[in-house]
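Have a look at the structure below, then the notes.
The values are calculated or read from the model by the stated rules, or taken from the named source; none is laboratory data. Computed from a prediction, not measured in an experiment: that's the story for all the values here. Cβ atoms come from the backbone with ideal geometry, glycine included; neighbour counts cover every protein chain shown.
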Amino acid sequence: MSNLQELFEATVEESKNLSERPDNLTLLKMYGLYKQGSKGDVEGERPGMTDFVARAKYDAWAANKGTPQAQAQQQYIDLIAELKS
């Protein structure tokens, strides 16, 4: 599994240098998969209605709840590969 972890970390670095900035929905998907792949299931309380950005990020992470970390890492790697092509 360490190979997947290393590939995941390398892909996270690559994602910072994409030729085009992804749309907001894709960015949220990337964020949710990144958090699930690096931290596991969502933690803490859902932010309030007035904090739109934090709430959207929380929801993107929560959408991956129950997904094994290795699977989320692979999905993140696949998503970045799609965006690079």
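Tabulated data
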{"read-out": "Residue list for segment 60-71, restricted to those being outside any helix (DSSP H, G or I) and either closer than 11 Å to Tyr34 by Cα or at pLDDT below 95 (or both)", "value": "Asn64"}
{"read-out": "Test for Lys57: is it among the basic types (Lys, Arg) and assigned to a helix (DSSP H, G or I)", "value": "yes"}
{"read-out": "Pick from segment 45-85, criterion surrounded by 12 or more Cβ atoms within 10 Å (Cβ to Cβ) and among the β-branched types (Val, Ile, Thr), ranking: farthest from the chain's Cα centre (by Cα)", "value": "Thr67"}
{"read-out": "Tabulated pairs, segment 62-85, first at negative phi and among the β-branched types (Val, Ile, Thr), second surrounded by 17 or more Cβ atoms within 10 Å (Cβ to Cβ) and part of a helix (DSSP H, G or I), C-beta under 6 angstrom, 6+ apart or interchain", "value": "Thr67/Gln36; Ile77/Thr11; Ile80/Thr11; Ile80/Ser15"}
{"read-out": "Some residue of segment 24-44 being loosely packed, with under 14 Cβ neighbours inside 10 Å, over 10 Å from the mean Cα position of the chain (by Cα) and modelled with pLDDT under 95", "value": "yes"}
{"read-out": "Cross-chain or 6+ apart pairs with Cβ under 8 Å, segment 1-26 first and farther than 14 Å from Ala72 by Cβ, then exposed (fewer than 14 other Cβ atoms within 10 Å of the Cβ)", "value": "Glu14/Lys84; Leu18/Lys84; Ser19/Lys84"}
